[in-house]
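Before any comments, here is the structure.
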């Protein structure tokens, strides 16, 4: 067990072992007031970014309807074109601002929280007694792998996955709102088919999760082989086991490459 300080309180977690599941919002546990402000601005930018494409479709529909209903009045058609171009220009300008706000805020808060997470995790490990590492603690490879890969994975979730999820949700909701405004009968007929989109997504997510866990296990094997070879380099050299160690390390990496190829 490792005690990790989190906002003045201590929490015991298992390192290198399967821990109990925690809520999804626990990835924001290292956020402070500035991070919450950045995430709020990033959420607003992501939601606005997802709404823009349905709005463009709505403006195009209005433009085509105006052209179809005013074929004999040239002035009305020109006014409709000018109005639609103005709406496109304002939408593009808003898209520039919201996209920058989304990317900057989420990337910045991900870097801040990831850095804070690595520092606190490593500090918690260094505060443990020596007997912890000799008896039941994780190996050096597991510590290095956890500090680097786990924090980078959470940082990737905060900087990319969360804003993409918010943008996709807003795009989905705004698209159906526009569809119901334009033709509610057709939108009502197609609405049940949207549920079929969630089934492949759930299956795909579970498959990727299994590949990620298997990849992490293969990396741990390779790290342990390299760690043992470096710590016992004199023994390896005395028994001329360089080639065997290299073959074992290459075999572990080969299994990782097979797993990565299957995932891709």
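The values are calculated or read from the model by the stated rules, or taken from the named source; none is laboratory data. Computed from a prediction, not measured in an experiment: that's the story for all the values here. Methodologically, a virtual Cβ is constructed for each residue, glycine included, from the backbone with ideal geometry; neighbour enumeration extends over all protein chains shown.
For residues in the stretch 168-181 being in contact with a helix residue (DSSP H, G or I) (Cβ under 6 Å, 6 or more places away or on another chain) and in contact (Cβ under 8 Å) with a residue 24 or more places away in the chain, which is farthest from residue 56 (Cα to Cα)?
Pass one, the stretch 168-181, residues in contact with a helix residue (DSSP H, G or I) (Cβ under 6 Å, 6 or more places away or on another chain): 170-171, 174-175, 178-180.
Adding the requirement that they be in contact (Cβ under 8 Å) with a residue 24 or more places away in the chain leaves 170-171, 174-175, 178.
On the way: 170: 14, 171: 12, 174: 11, 175: 10, 178: 10 Å.
Result: 170.
Would you be able to say whether some residue in the stretch 185-194 is at pLDDT 75 or above, surrounded by 14 or more Cβ atoms within 10 Å (Cβ to Cβ) and within 30 Å of residue 62 (Cα to Cα)?
yes
Could you list all residues from the stretch 22-42 that are assigned to a helix (DSSP H, G or I) and in contact with a helix residue (DSSP H, G or I) (Cβ under 9 Å, 6 or more places away or on another chain)? Don't jump to the end; show me each part of the working.
Residues of the stretch 22-42 assigned to a helix (DSSP H, G or I): 24-28, 33-42.
Hits for the stretch 22-42 are 27, 28, 34, 35, 36, 37, 38, 39, 40, 41, 42.
I'm trying to understand the selection: among the residues of the stretch 239-255, which are farther than 15 Å from residue 226 by Cα and either surrounded by 12 or more Cβ atoms within 10 Å (Cβ to Cβ) or at pLDDT below 60 (or both)? Give the steps one after another, and end with the answer.
Just the residues of the stretch 239-255 that are farther than 15 Å from residue 226 by Cα, to begin with: 239-240, 255.
The one that is farther than 15 Å from residue 226 by Cα and either surrounded by 12 or more Cβ atoms within 10 Å (Cβ to Cβ) or at pLDDT below 60 (or both): 255.
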